[in-house]
1. Which of the numbered conditions does Y39 fail, given that it passes all the others? Conditions: (1) open to solvent by less than 10 Å² (accessible area, probe 1.4 Å); (2) under 16 Å from the mean Cα position of the chain (by Cα).
2. For region 94-138, what are the residues that are polar (S, T, N, Q) and under 13 Å from the mean Cα position of the chain (by Cα)?
3. Give the residue that is farthest from V155 (Cα to Cα), with candidates limited to residues of region 74-102 that are in contact (Cβ under 8 Å) with a residue 60 or more places away in the chain and small (G, A, S).
4. Which is basic (K, R), touching a Leu at 6+ places or on another chain (Cβ under 8 Å) and exposed (fewer than 14 other Cβ atoms within 10 Å of the Cβ), of R63, R91?
5. Output the number of the condition that I179 fails; it satisfies all remaining conditions of (1) in contact with a His (Cβ under 9 Å, 6 or more places away or on another chain); (2) modelled with pLDDT of 95 or more; (3) within 17 Å of V97 (Cβ to Cβ).
6. Which one is nearest to V6 (Cα to Cα), of the residues in region 28-80 that are of a type outside the set (A, V, I, L, M, F, W, C) and in a helix (DSSP H, G or I)?
7. In this structure, does Q112 turn out to be open to solvent by less than 10 Å² (accessible area, probe 1.4 Å), over 11 Å from L59 (Cα atoms) and at pLDDT below 95?
8. So, A71, is that one touching a residue at least 24 places away in the same chain (Cβ under 8 Å) and either buried (at least 17 other Cβ atoms within 10 Å of the Cβ) or over 17 Å from A125 (Cβ atoms) (or both) or not?
Amino acid sequence: MSAGYVVRVARGPADREACFAVRKEVFVAEQGVPEDIEYDAHDAGAVHVLAVGEDGTPLGTGRLLHGAAAAAKNGGDPAVGSLGRLAVTRRARGLGVGAALVRAVEEAAREQGLTAVDLHAQTHALGFYQRLGYEAYGPEFPDAGMPHRAMRRAVARVGERPGEGGRRGSLGSAGRSSIPWER
């Protein structure tokens, strides 16, 4: 694999299939999540983000739910999006891909006019999200048989703050999390 990657909003059927392939590899094959619950009706209206290596290899994905789909997960607030299905392939873990995907979802939320992003973090990944500015709230709960906590981070609307320097990353960056994925 080459020395870099790019994170972008998934466009077209090929990008969406790449997102689903990463999710299948990480959630279904590695974690044993039943395939029939991994993909849902929310996929059609979600904003999907995709990380690809310079050689075109899919490295990770995540999705943003907004509107009614997000409100069902975040307590009904239409100004809050829902980050989910964050997955990073085994070969790209520890390289900053997960954090880059989270930031891309946050940018997509800003572009949708949202003021915050919620997520349901597996409890082992709370520290990863806390380092990215998310705060846990509410009790622990099960999702797909795994313990989770709800978390939230405020995001500025488009135009309220300067960008964070693009979406390019470098593979091999030291000090990156090795959290493999989050549903």
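1. Among (1) open to solvent by less than 10 Å² (accessible area, probe 1.4 Å); (2) under 16 Å from the mean Cα position of the chain (by Cα), Y39 violates only (1).
2. Step one: of region 94-138, the residues polar (S, T, N, Q) are 112, 115, 122-123, 130.
The answer is Q122, and nothing else.
3. A92
4. Numbers: R63 fails: exposed (fewer than 14 other Cβ atoms within 10 Å of the Cβ).
Going through R63, R91 in turn, the sole match is R91.
5. Just one mismatch for I179, condition (2).
6. Restricting attention to region 28-80, the residues satisfying the condition of being of a type outside the set (A, V, I, L, M, F, W, C) are 30-32, 34-36, 38-40, 42-43, 45, 48, 53-58, 60-63, 66-67, 73-78.
Next, from what is left, pick out any that are in a helix (DSSP H, G or I): 30, 35-36, 38, 42-43, 73-74.
Values: E30: 24, E35: 27, D36: 30, E38: 25, H42: 25, D43: 22, K73: 29, N74: 29 Å.
Within region 28-80, the match that is nearest to V6 (Cα to Cα) is D43.
7. No, not satisfied.
8. no
The values are calculated or read from the model by the stated rules, or taken from the named source; none is laboratory data. As the structure is a computational prediction, the values presented were derived from the model and not from experiment. Note that we place each Cβ from the backbone using ideal geometry, even for glycine, and neighbour counts take in every protein chain shown. Surface areas here come from the heavy atoms of the whole protein model, side chains and all, with no ligands, DNA or RNA. Shrake-Rupley method; radii C 1.70, N 1.55, O 1.52, S 1.80 Å.
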